[in-house]
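For reference, the structure is listed below as structure tokens.
Only the coordinates and a few stated rules stand behind these numbers; no lab work does. Worth saying up front: this structure is predicted, and the values here are computed from it rather than measured. FYI the Cβ positions are ideal-geometry reconstructions off the backbone, even for glycines, and counts take in every protein chain you see.
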Amino acid sequence: MSEFDIRKVGGRIGAEVVGVDVRDLSDEIFGEIHSALLEHKVLGFRGQELSDDDQLAFAARFGPLTGAHPTVPAVEGRPEILPVDSESGRANQWHTDVTFVQSPPKISTLRGLVIPPYGGNTLIANTAAAYKDLPEELRALADRLWAVHTNDYDYVRPADSGGDPDKVAEHRKAFVSRTWKTAHPVVRVHPESSERNLYIGGFAQKIVGLSSREGRAILDILQSYVTRPENVLRWVWQPGDLVVFDNRITQHYAPDDYGDLPRLLHRVTVAGDIPVGVDGKESYRLEGDDASHYTPAEKAA
């Protein structure tokens, strides 16, 4: 009998894991957590009160870790931890983490350190449910499309709502200090569950073979299915929380709705493989290096 409880928090996405300390998990219990992540796409753990070392150790159970980010500096002395800090800008756009490289992370972990008293939630969407929602004709079209993902666009908002202007400018400069363009299938086949999902989001800027205007129109239509309310979980943060989501089959968004209040999370990500489309073809680089400085998956590719 399981030592813990997994409680669904949405009909299509998300569950809360109750009754565990992620610092002390048997292989059997961790296996159940891994299976639950594949099923629910997002798992939340309340009140874990982890240290950086604890978060790193838990994330590493899912596989080798990436660096903090391909371009943005890590927490000092912690090369695998990215500070998600409102003072450096607010990325309130729907996205999947680091899809501009050929091998994006498979799993992201977020830990709440400084949480505003209101707002500052994280929204996470089930992109497999979105794919299933598509009309048959639109699914058939999406199955054939490829999208170009790049970090060279205005991803982080300027400092017009609480951020430090100098820090935001510094963050933006770092973010595009090296640029990538990668073609990914619009419909990705999940490597473990075999589910098809809409692999798009903010870094997807155009459709291969179409004009920018045509591609944007199609991406906007597909994205509207991802962000339907029934496909979205809203995680209301409390200090000490840990959230884990499958980056291969979700998008997320951090609404900028907490004024000039501080908000700080630490992110640790797990290395992923090269996405594969319904035709079995793998994603391919169009511009930029192999990002092997960031993820061990690129070294093996």
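Scoring 14-26, 38-50 by mean Cβ neighbours within 10 Å over their residues and listing the highest first yields 38-50, 14-26. Applying 1/(1 + (r/R0)^6) with r as the Cβ-Cβ distance of Tyr153 and Asp290 and R0 = 30 angstrom yields a FRET efficiency of 0.90.
Please give the peptides 54-62, 4-12, 124-132 ranked by average Cβ packing (other Cβ atoms within 10 Å per residue), highest first, as a rough proxy for protection. Don't jump to the answer; show the numbers that get you there.
Numbers: 54-62: 18.3, 4-12: 14.6, 124-132: 25.2.
Top to bottom by mean Cβ count within 10 Å: 124-132, 54-62, 4-12.
Net charge in the neighbourhood of Leu50 (other residues with Cβ under 11 Å of its Cβ; Lys, Arg +1, Asp, Glu -1) is -4.
For the chain, what is the calculated [θ] at 222 nm in deg cm²/dmol (nearest 500), taking -39500 (n - 2.57) for each run of four or more DSSP H residues and dividing by its residue count?
Working: 7 runs with 70 residues, N = 301.
Helix contribution divided over all residues of the chain: -7000 deg cm²/dmol.
When the Gaussian network model of the chain links Cα atoms closer than 10 Å, the mean-square fluctuations of Thr269, Thr71, Thr250 top out at Thr71.
The structure-derived value of Kirkwood radius over Cα pairs in Å appears in the list [x] 19.4; [y] 23.0; [z] 21.8 under the label [x]. When the chain is treated as a Gaussian network with alpha carbon springs shorter than 10 Å, the biggest mean-square fluctuation among Gln102, Gln251, Gln93 belongs to Gln93.
Neighbours of Phe30 by Cβ distance under 11 Å: Lys/Arg scored +1, Asp/Glu scored -1, total -3.
Counting other C-beta atoms within 10 Å, which of Val243, Val208, Val268 has the fewest, and how do the rest follow? Walk me through the numbers on the way to the answer.
Values: Val243 24, Val208 14, Val268 27.
Least crowded to most crowded, the residues run Val208, Val243, Val268.
A cut-off of 5 Å between modelled amide H atoms, ignoring neighbours fewer than 5 places along the same chain, links Asn92 with Arg157.
Write down the percent of antiparallel bridges among all DSSP beta bridges whose residues are both part of the chain, to the nearest 5.
Numbers: 51 of 53 bridges.
Among the beta bridges of the chain, antiparallel pairing accounts for roughly 95 percent.
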